[in-house]
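The values are calculated or read from the model by the stated rules, or taken from the named source; none is laboratory data. This is a predicted model, so every value here is computed, not measured. Positions of Cβ are backbone-derived with ideal geometry, glycine not excepted, and every protein chain shown enters the neighbour counts. Keep in mind that these areas ignore ligands, DNA and RNA; they rest on the heavy atoms of the full protein, side chains included. Shrake-Rupley method; radii C 1.70, N 1.55, O 1.52, S 1.80 Å.
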Amino acid sequence: MKNLMISVSGVRGIIGDGLTPNVAMQFAQAYGSEFGPGKIVVGRDSRLSGPMVQHAIWSGLMSVGCDIIDLDIATTPTTEIITEHSEHSGGIIITASHNPKEWNALKLLAPDGLFLDKEQGEKILARIEKEDFNFVRWDQLGTITRYKGAAQEHIDRILSLDVIDTAKIRNRKFKVVVDCCNGAGGVILPDLLSQLGCETIFINPEPNGLFPRSPEPVPANLGELIKTVKENKADLGIAVDPDVDRLALVSEHGNPLGEEYTLAMVTRFILAKKPGSVVVNASTTQAIDDIASKFGQKVVRTPVGEINVALKAREISAVISGEGNGGVMFPDLHIGRDAPVGIALILQFLSEENKPISQLYKELPQYFMIKDKVSLSFGTDAKAIVEKLRKQNINETIDETDGLKFLYERSWVHIRASNTEPIIRVIAEAPDAKKAQNLVETFKQKIMVANK
Ligand code: MG
């Protein structure tokens, strides 16, 4: 089917045109057969298709004897934390993250709350292929239990982190504007911020799945947030994606800092407190390297994909990790991208430094990143095009951690075939916008020539 993308990390598709209840149920049957029997945590974002997919998942899991711990609407990091911290056999998140509202997807978790690795994912796909499901008898079917305390459990774990001084943040009475894009943020961020003593103004807080704008928290989509921050003279603007694993910040002047600077700012805060290694993906801003070297720490880069960053962060006990797209992973809490913990860390940084966020931003190394892509017709072998470019450019300095990253003096361009869509991503970073734009244009041209 055209609008269905199956990979080792799960399945993603357009509702009514690819992602059907049957597809979701088969994944749940395979997943439950592999990781069950036992308790499986199931959470979903706020999409209109959520209840349909949720019921298919429930059916599939119950049929193979798994008991469901139903979080209903919950953020991705909340579901990961609940999966990790109790006697659960696994977890399934129903969310298409930042994709438009007609999409939905399943993200499959291992019992430790991390996404499935390649080997685990391949076992699920093999079971679907062979219809190898452990169906149980009528009197052994799974049950459903609703757990309403998930969001507060997540908040409690954030507020009890040793780097968070709740009283100090509460004292500052920050005024914060938050845009939840009518995603899952509405079920946790009002409580988190009120427990941190913030005065809040919420935009699009209803978790009803009717995204009023394009749901990716990139500057082009944050017009209403920017305007509201300025009108209300707020200290900070916050935007999250529909499943709340990505965080973007807007300064008190209404300037979007860009998603790369969420992790850069958190890294600056954490390394000053807790010296240690940093793990980020290959596309993340080089501001991270500059910050780490200032604190005498090393940065390890991994292929793009949350599980790659997570596994490396766990392996080397990183103190901070994540992805430049606003994905903060703070391993003291859990090794998954988590916007709520990112918000708490930023508020802690603001209270300790006693400077406006625009000033803290200015003190960070300044780079300009452009993220672009070349769309290919369906079925094009994007990886073959990337390989062709590699052979054509053997004399360049190329980092092959993931795709091709051409390295230059204080700038780079990263070419990578997407794992989930028929596109090649082109990302460039340089000290100024013009240079970054030139790099993007040059390489988009090279890709189009290679595709002929
Ligand atoms: Mg997301």
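Would region 412-428 turn up any residue that is modelled with pLDDT under 90 and touching a Lys or Arg at 6+ places or on another chain (Cβ under 7 Å)?
yes
Taking strands (runs of 3 or more DSSP E) that fall entirely within region 253-358, which contain at least 1 residues that are of a type in the set (Ser, Thr, Tyr)?
299-302, 320-323
Kindly indicate whether any position in region 248-255 is within 13 Å of the ligand (Cβ to nearest atom) and either open to solvent by 10 Å² or more (accessible area, probe 1.4 Å) or within 20 Å of residue 186 (Cα to Cα) (or both).
Keep residues of region 248-255 that are within 13 Å of the ligand (Cβ to nearest atom), which gives 248.
With the extra rule that they be either open to solvent by 10 Å² or more (accessible area, probe 1.4 Å) or within 20 Å of residue 186 (Cα to Cα) (or both), the set shrinks to 248.
Yes - at least one qualifying residue is present in region 248-255.
Only one residue in 244, 229, 280, 299 is closer than 20 Å to residue 180 by Cα and away from the ligand (no atom under 16 Å from the Cβ). Which one?
229
For every residue, the table says whether it meets (1) open to solvent by 10 Å² or more (accessible area, probe 1.4 Å); (2) farther than 20 Å from residue 152 by Cβ; (3) in the same structural domain as residue 332 (by TED's automatic domain parsing).
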residue: 29; (1), (2), (3): yes, yes, no
residue: 38; (1), (2), (3): yes, yes, no
residue: 57; (1), (2), (3): no, yes, no
residue: 67; (1), (2), (3): yes, yes, no
residue: 77; (1), (2), (3): no, no, no
residue: 81; (1), (2), (3): no, no, no
residue: 88; (1), (2), (3): yes, no, no
residue: 94; (1), (2), (3): no, yes, no
residue: 108; (1), (2), (3): no, yes, no
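Could you tell me which of the residues 61, 159, 114, 141 is within 16 Å of the ligand (Cβ to nearest atom) and at negative phi?
114
Name the residues in region 388-414 that are over 20 Å from the mean Cα position of the chain (by Cα) and in a strand (DSSP E or B), would you?
Selection gives 398, 399, 404, 405, 406, 407, 408, 411, 412, 413.
Inspect region 205-220 for any residue being part of a strand (DSSP E or B) and within 16 Å of the ligand (Cβ to nearest atom) and give the result as yes or no.
No, region 205-220 contains no residue that is part of a strand (DSSP E or B) and within 16 Å of the ligand (Cβ to nearest atom).
Scanning for something open to solvent by 10 Å² or more (accessible area, probe 1.4 Å), charged (D, E, K, R) and closer than 25 Å to residue 412 by Cβ, does region 339-352 turn up at least one residue?
No, every residue in region 339-352 fails to be open to solvent by 10 Å² or more (accessible area, probe 1.4 Å), charged (D, E, K, R) and closer than 25 Å to residue 412 by Cβ.
When you look at residue 98, is it under 25 Å from residue 309 (Cα atoms), of a type outside the set (Phe, Trp, Tyr) and away from the ligand (no atom under 16 Å from the Cβ), yes or no? Before you say what the answer is, go through the steps one by one.
Details: under 25 Å from residue 309 (Cα atoms): yes; of a type outside the set (Phe, Trp, Tyr): yes; away from the ligand (no atom under 16 Å from the Cβ): no.
It is false that residue 98 is under 25 Å from residue 309 (Cα atoms), of a type outside the set (Phe, Trp, Tyr) and away from the ligand (no atom under 16 Å from the Cβ).
Scan region 243-252 for residues that are part of a strand (DSSP E or B) and among the basic types (Lys, Arg) and report the count.
So in region 243-252, the residues part of a strand (DSSP E or B) come out as 247-250.
Pick out the ones that are also among the basic types (Lys, Arg) and you get none.
Matching residues across region 243-252 total 0.
Among 288, 307, which is closer than 25 Å to residue 218 by Cα and touching a residue at least 60 places away in the same chain (Cβ under 8 Å)?
Matching residue, one of 288, 307: 307.
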